[in-house]
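The values are calculated or read from the model by the stated rules, or taken from the named source; none is laboratory data. In this text, all values refer to a predicted model and were calculated from it rather than measured experimentally. Using ideal geometry, Cβ is built from the backbone for each residue, glycine included, and neighbour counts are taken over all protein chains shown. Accessible surface is based on the protein model in full, side chains and every heavy atom, while ligands, DNA and RNA are left aside. Shrake-Rupley method; radii C 1.70, N 1.55, O 1.52, S 1.80 Å.
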Amino acid sequence: MKRSLILRVFLIGSLTLLLFVPLFFIQGLIESRVSYRHEAIQSVVQSFADTQFVAGPAIVIPYAVSWQEQEELRHGGYKTVERNDKRFLLFFPTMLDIQSELPTRTRNRGIFNVETYNFNGLLSGHFDFVMPSISLKKGESLVATFPPELVLKVRDMRGLVGRPALTLNEKTLAWEKNTEASRAFSPALFSTLPALEPGQALKAEFKINLSLNGTNSISVAPIADDNNVYMSSSWPHPDFRGGFLPTKRNVTHNGFNATWRVSSLSSNAQSNFNSNNNWEWEEQGLVVRLINPVDPYTLATRATKYGFLFVALSFAAFFFLEGIKQLRVHPMQYLLVGTSMALFFLLLLSLSEHMPFGISYAIAAGASLGLLAFYLCFVLKSIRLGVGFAALLSILFSCLYGLLLSEDYALLLGSSLLFICLAVAMVLSRKLDWYALSKPFFSAEPLKTPPWPPVVFPAPSGIAEPPETSDKL
């Protein structure tokens, strides 16, 4: 059986593609673990509270209007019907100041961690507006005007801790249910205020002590004309999102504090106040997410993507080692080495669910490199070559860890690593005779002398031996 160089390259490439199959399965396993973690988060949300947003307070004045219109009958003709509608006048604070703290707590569901918080905020500010005359369209008539209501929108009411304290002009007010505005603005807290007459001015200072539980993220809407929001927490890894980033922030390993100053001139929060679309509130809100920068599933996914490159580089190094040292490595040995590298990523995933990612990576890499060093010492028939090849792979594992932690520079580091590997391959193979490698792989060198003495058979009787010939003419 003979194999040319092209056939060897084809077999090694086929084995490389074959090893992509377990790596794809590992990626699928990571996705399933992520879905299990999502289920764990949802179980906490169902018994605790969801992500929260706070919008308000605002003053809502409900009023009802009616009008008549002609409605076509099924069998011809028209009839006059009366329509009714409930509408609202909205007034927002002139100034809103929020001073808040965000103590956090990690809750467990099985092996999964869920970050929760308790938003403790003091919302203060003042209203300053004049009750306008209600404008009606042609043909409409005013049916009734209802008392004003102070509305504070909260996404998940289950997160309320106790009853928020509300004072308006230093007078304590109570929160109510089933008000005129409750259907249009739920979920929210409602408090009925004294009635206002057209042309009557309202100048009122308010204070609301709000304690709110939530999960993963908190969003505050800049609902006033001028908004000043301050938030502090012991969580060291905040992710500031939403429509506005903090004007000032300080993030340390002991926590963070941030300040936002937002004007209604740059925000659409007031026009979205009657919306219950969570996406709109996150887009316009001041959002803080509690993230874990060393997410084991994100890092394991990124590591597995680089696993394809690792297998290819390892097989390429094996191939060059064959040519330079004139060794013969069987395809089955290629397959075993590649499989051990693929199992590294599965071992990394399973360990990172129970311990910090750095420790998990060190254990998984140490186990894989130790096994490879032991095996390669026998495959390459040299302890020096086996340990040296494992040391070369350890450099690749170290580079992978650097790529995982340096997300911003991953492309630069990855392209530099590929260039260095190509440069090393070109330098080491600069004097390699590729045509010599193209000889039959399993063929033996022709022997100069036969390993046994020649056998001379006697000529048969009656047949004369041929006369000796001379070289001379």
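Each residue of region 121-136 in turn: what ³J(HN,Hα) in whole Hz from Karplus with 6.51, -1.76, 1.60 and θ = phi - 60°, glycine and Pro shown as x?
Values per residue, Gly and Pro as x: x, 10, 9, 9, x, 8, 9, 8, 8, 10, 5, x, 6, 6, 8, 10 Hz.
Points 7 angstrom from Cα along the Cβ direction at M332 and K207: gap in nanometres?
Modelled inter-label distance: 8.2 nm.
Subtracting the Cα-Cα distance from 0.36 nm times the residue separation, let me have the gained length for N113 to K171 in nm, one decimal. The partial results should precede the final answer.
Numbers: separation 58, 0.36 × 58 = 20.88 nm, distance 4.29 nm.
Stretched out fully, the N113 to K171 stretch lengthens by 16.6 nm.
Could you check how much of the accessible area of region 148-307 is carbon and sulfur, as a whole percent, using a 1.4 Å probe? Please list the in-between numbers first.
Working: 3600 of 7810 Å².
Answer for region 148-307 is 46 percent, counting heavy atoms of protein chains only.
Mind listing the long-range amide H neighbours of F244? Cut-off is under 5 Å, sequence gap 5 or more, other chains count too, H placed in the peptide plane at 1.01 Å from N.
It is V287, by chain and number.
Which value in Å does the Kirkwood hydrodynamic radius of region 152-310 take, with 1/r averaged over all unlike C-alpha pairs and then inverted?
On the way: mean 1/r = 0.0538 Å⁻¹.
Result for region 152-310, one decimal place: 18.6 Å.
Accessible area, 1.4 Å probe, largest first: how do Y63, Y36 sort? If you can, show how the numbers build up before the last one.
Details: Y63 20, Y36 110 Å².
My answer, sorted largest first, is Y36, Y63.
Short version: what are the Cα gyration tensor semi-axes of region 45-111, square root of 5 times each eigenvalue, largest first, in whole Å? Don't skip to the end; give the middle numbers.
On the way: eigenvalues 481, 113, 8 Å².
Those come to 49, 24, 6 Å.
I'd like the FRET efficiency for T252 and S186, computed as 1/(1 + (r/R0)^6) with the beta carbon distance as r and R0 of 35 Å, rounded to 0.05. If you can, show how the numbers build up before the last one.
Values: r = 39 Å, r/R0 = 1.13.
Efficiency for this residue pair is about 0.35.
First select every other residue whose beta carbon is under 15 angstrom from the beta carbon of L210; then total the charges, Lys and Arg +1, Asp and Glu -1. Show your work: numbers first, answer last.
Working: positive: K153, R155, R158, R163, K207; negative: D97, E101, D156.
Its environment carries a net charge of +2.
For T51, enumerate residues with amide H under 5 Å from its amide H, sequence gap 5+ or separate chain, H modeled in the peptide plane.
For T51, whose amide H was placed from the backbone, the distant partners under 5 Å are T215.
Can you give the net charge of the other residues whose Cβ lies under 13 Å from the Cβ of D226, counting K and R as +1 and D and E as -1?
Values: positive: R261; negative: D97, D128, D225.
Cβ neighbours under 13 Å give a net charge of -2.
Just the number please: accessible area per residue for region 12-72, 1.4 Å probe, all protein chains included, in Å². Let's see the in-between values first.
Details: 2820 Å² over 61 residues.
Normalised by residue count, the accessible surface of region 12-72 is 46 Å².
With every protein chain left in place, what is the accessible area per residue of region 110-208 in square angstrom, probe 1.4 Å? Walk me through the numbers on the way to the answer.
Numbers: 5340 Å² over 99 residues.
Accessible surface, normalised per residue, equals 54 Å².
Over all directions, what mean area does the Cα convex hull of region 104-185 project, stated in square nanometres?
Values: hull surface 37.9 nm².
Taking a quarter of the hull surface, the average projection is 9.5 nm².
Apply 1/(1 + (r/R0)^6) to the Cβ-Cβ distance of L245 and R105, taking R0 = 22 Å, and write down the FRET efficiency to the nearest 0.05.
Numbers: r = 26 Å, r/R0 = 1.18.
For L245 and R105, the calculated efficiency is 0.25.
For labels at V34 and L343 in the simple 7 Å Cα→Cβ model, what's the distance in nm?
2.7 nm
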